[in-house]
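A.B. asks: I have a structure I would like to understand better, so I am pasting it below and will then ask my questions one at a time.
Bear in mind that the values in this text are calculations on the coordinates, not laboratory data. Treat the numbers as computed from the prediction; the structure is a model and nothing was measured. Here Cβ is always computed from backbone atoms with ideal geometry, including for glycine, and neighbour counts include all displayed protein chains.
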Amino acid sequence: MKAIRVHYTATDSSLQVDEVPKPEATGDLIVIKADAIGLNRADLGRRRTAQPGQPEPPTTPGLDVAGVVEAVGPDVRGWRIGETVTALARGTYAEYVATRAVTAFRVPRRMSMADVASLPCVFLTAYYALTKQMGVKRGDVVLIHAAGSGVGMAGIQIARLLGAQVLTSAGSDGRVARGLKLGAIGGVNYSSQDVTAELLRLTQGRGVDCVLDSVGGPVFDATLKALAPGGRVVTVGGPAGARSPYEEAALAAKGQWVRQTSVFNEAQADPEQKGWAQIKEWFESDRLQTIVQQVFPWSQAEAAQKLLNDRGVFGKIVMLAP
């Protein structure tokens, strides 16, 4: 089968189409024939793992896929060959993708495969962070950083559905405005405004109860200063840079904490797929929407990643499988 893989030189890397073995449906794995592949910022990470002086092996990026069940492992229950499916998986830039059945999900009704491929990683990340990790409840003031990111786009809507008062942020006034249209009641432009001061102004000096931070860097540092007593922060990614060290004891004294999230860990800890069932129901009742800015052909994978890297995307972009 064909797969798009990252190839490394001594000083650079590039995407190339390779012939690789087709995965097998062993154990609790299902194999999916890909129709569409959702792109995420994690796909851009090209961290080298080889020892100095040793060649770096090619890697296949990708976390989201939508398609048709091609094969099921002997331990899989509830899936049949030919059914439509979307999934969290590793290495989804490929014609065929294997994933554990626990991270394969039923497709919402009336959605295109391109739209479906944009869902699992970002909507599950936001859902688990807001519900299972931070326990958002009605009336909480919830800050969703990076309105234009996939996690931001999903998080604003889910926090609103949970009954929260939602604030958001972005790097331009236009992107903040689009976040308000998704359901936020206030926003901060972290490129031109004082984040701490604006958050305190928007909350009448009280601060925010919960934060989903997919930005990092100075934005994270400024947000901690505007955290309400008992405030919780969940972090994912960090395109703006590393987060500064913080004193856990000082936070704990105010009932505050900061934690990371892993969507794969959270999804695998939800074998009944209650998180996905809620997300699916919200989509089918038109209370959630995804935003797919652009759909790329397989042959333009490098251009798709460049657009994502240049932060030219609001929401998601998707690539069609060959």
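A.B. asks: Give the relative contact order (percent, whole number) for the range 79-139; include only Cα pairs under 8 Å separated by 6+ residues.
C.D. replies: 29 percent
A.B. asks: I've got another one for you. Put a dot 7 Å past each Cα toward the Cβ at residue 257 and residue 75; how far apart are the dots in nm?
C.D. replies: Calculated label separation equals 3.0 nm.
A.B. asks: Within the chain, which complete DSSP H helices have Cα atoms spanning at least 24 Å along the helix axis and a mean Kyte-Doolittle hydropathy of -0.5 or higher?
C.D. replies: Qualifying helices: none.
A.B. asks: Sort 120-128, 185-193, 68-76 for me by packing, meaning the mean count of neighbouring Cβ atoms within 10 Å per residue, highest on top.
C.D. replies: Descending mean neighbour count gives 120-128, 185-193, 68-76.
A.B. asks: Over the chain, what is the relative contact order in percent, taking alpha-carbon pairs closer than 8 angstrom and at least six residues apart?
C.D. replies: 17 percent
A.B. asks: Let me ask something else about it. For residue 16 paired with residue 173, estimate the spin-label separation in nm (one decimal), with each label point 7 Å from Cα along the Cα-to-Cβ line.
C.D. replies: Here the modelled spin labels are 4.8 nm apart.
A.B. asks: Between residue 284 and residue 54, what length comes free when the chain is fully extended (0.36 nm per residue of separation minus the Cα-Cα distance, one decimal in nm)?
C.D. replies: The span from residue 284 to residue 54 would gain 77.8 nm if fully extended.
A.B. asks: Let me ask something else. State the percent of C-alpha pairs, over all pairs in the range 122-264, separated by a distance greater than 20 angstrom.
C.D. replies: It works out to 37 percent of all Cα pairs.
A.B. asks: Kindly identify the range 128-207 as rounded, prolate or oblate by the Cα gyration tensor criterion: order the square roots of the eigenvalues as a ≥ b ≥ c, call it rounded if a/c is under 1.5, otherwise compare a/b with b/c, prolate if a/b is larger, else oblate.
C.D. replies: Oblate, because a/c is 1.5 or more while a/b does not exceed b/c.
A.B. asks: Next question. What ranking do 201-208, 146-153 get when scored by the average of other Cβ atoms within 10 Å per residue, highest first?
C.D. replies: 146-153, 201-208
A.B. asks: Okay, moving on. Kirkwood Rh over Cα pairs of the chain into Stokes-Einstein at 20 °C, 1.002 mPa s: D in µm²/s?
C.D. replies: The Stokes-Einstein estimate is 105 µm²/s.
A.B. asks: Rounded, prolate or oblate: which fits the range 112-154 when a ≥ b ≥ c are the square roots of the eigenvalues of the alpha-carbon gyration tensor, with rounded for a/c under 1.5 and prolate only if a/b beats b/c?
C.D. replies: prolate
A.B. asks: Give me 160, 287, 77 sorted ascending by neighbouring Cβ count inside 10 Å, so fewest comes first.
C.D. replies: 77, 287, 160
A.B. asks: Here is a further query. Given the -39500 (n - 2.57) contribution per DSSP H run of 4+ residues, what per-residue ellipticity at 222 nm results for the chain, rounded to the nearest 500 deg cm²/dmol?
C.D. replies: So the helix-based figure for the chain works out to -7000 deg cm²/dmol.
A.B. asks: Okay, which of the range 104-134 sit inside 20 Å, backbone N to the point 7 Å along the Cα-Cβ direction of residue 274?
C.D. replies: 104-106, 123-134
A.B. asks: A further question on this structure: Place a +1 charge on the Cβ of each Lys and Arg in the chain and a -1 charge on the Cβ of each Asp and Glu, then give the dipole magnitude about the Cα centre in debye, rounded to the nearest 20.
C.D. replies: With Lys and Arg at +1 and Asp and Glu at -1, about 640 debye.
A.B. asks: I've got another one for you. How high is the FRET efficiency from residue 250 to residue 42, r the C-beta distance, R0 30 Å, rounded to 0.05?
C.D. replies: Computed FRET efficiency for residue 250 and residue 42: 0.45.
A.B. asks: Could you tell me what percent of the DSSP beta bridges with both partners in the chain are antiparallel, to the nearest 5?
C.D. replies: Counting only bridges with both partners in the chain, antiparallel ones make up about 55 percent.
A.B. asks: Got a sec? How would 221, 43, 194 order by Cβ neighbour count within 10 Å, fewest to most?
C.D. replies: So the ranking, lowest neighbour count to highest, is 194, 221, 43.
A.B. asks: For the range 121-274, what's the relative contact order in percent, using C-alpha pairs closer than 8 Å and at least 6 residues apart?
C.D. replies: After rounding, I find 20 percent.
A.B. asks: Give, as ranges by residue number, the residues of the range 1-43 whose backbone N falls under 20 Å from the point 7 Å along Cα→Cβ of residue 68.
C.D. replies: The answer is 1-3, 22-25, 30-38, whose backbone nitrogens lie closer than 20 Å to the label point.
A.B. asks: About the Cα centre, and with charges only on the beta carbon of Lys, Arg (+1) and Asp, Glu (-1), how big is the dipole of the range 122-264? Nearest 20 debye, please.
C.D. replies: 400 debye
A.B. asks: If each residue of separation counts as 0.36 nm, what is the full-extension length gain between residue 265 and residue 1 once their alpha-carbon separation is subtracted?
C.D. replies: Between residue 265 and residue 1, full extension yields 92.2 nm more.
A.B. asks: Continuing with the same structure: Arranged by the count of other C-beta atoms within 10 angstrom, fewest first, what order do 113, 134, 319 take?
C.D. replies: 113, 134, 319
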